[in-house]
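Colleague: A single structure is presented below for examination.
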Amino acid sequence: QVHLVESGGGVVQAGGSLTLSCEAYGVGDRLHVMGWYRQAPGRQRDLAATISNSGDTKYADSVKGRFTISRSGDFAQKTVALRMNDLGPEDTGVYYCYFCLGYGCFEGVTWGPGTQVTVSS
């Protein structure tokens, strides 16, 4: 079973930057995709960015050029970081670490508890 530990988030002024980090334990060498989804108040949870164990990345159109996702780690522990630049009020929401294990997530999806990001104008 994958265990996720999130860190980062907080309050920042528009135009500022934040970095979110998520550590995953219990993965080993299995195929996976990890990243971040976000949920704005009153809206559904949507993709922010993901990265596969081979380094393939995917970004929501709204964050391209502003957010950068990266990964690191070893057999025992994987880390995914999301560097968020030029933040705006539209980026406010709860950010959830996402972990998809196996091809097509056939070994399951794990979500972190979420961390709040608030951007003040």
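Readers should treat all values here as calculations from the given coordinates under stated rules, not as data from a laboratory. Computed from a predicted model, the values in this text were never measured in an experiment. Please note: Cβ atoms are built from the backbone with ideal geometry, for glycine as well, and neighbour counts cover all protein chains shown.
Colleague: In the chain, once you exclude exposed chymotrypsin sites (Phe, Trp or Tyr not before Pro) (DSSP loop, at most 10 other Cβ within 10 angstrom), what's the longest stretch remaining?
Modeller: 1-74
Colleague: Check each of the trypsin sites (Lys or Arg not before Pro) in segment 56-121 and keep only those in coil by DSSP with at most 14 other C-beta atoms within 10 angstrom; list them in order.
Modeller: K64
Colleague: From Cα pairs below 8 angstrom and at least 6 apart in sequence, can you work out the relative contact order of the chain, rounded to a whole percent?
Modeller: 35
Colleague: Would you calculate the volume per residue, in Å³, of the smallest convex hull containing every Cα atom of the chain?
Modeller: Given the Cα convex hull of the chain, per-residue volume reads 93 Å³.
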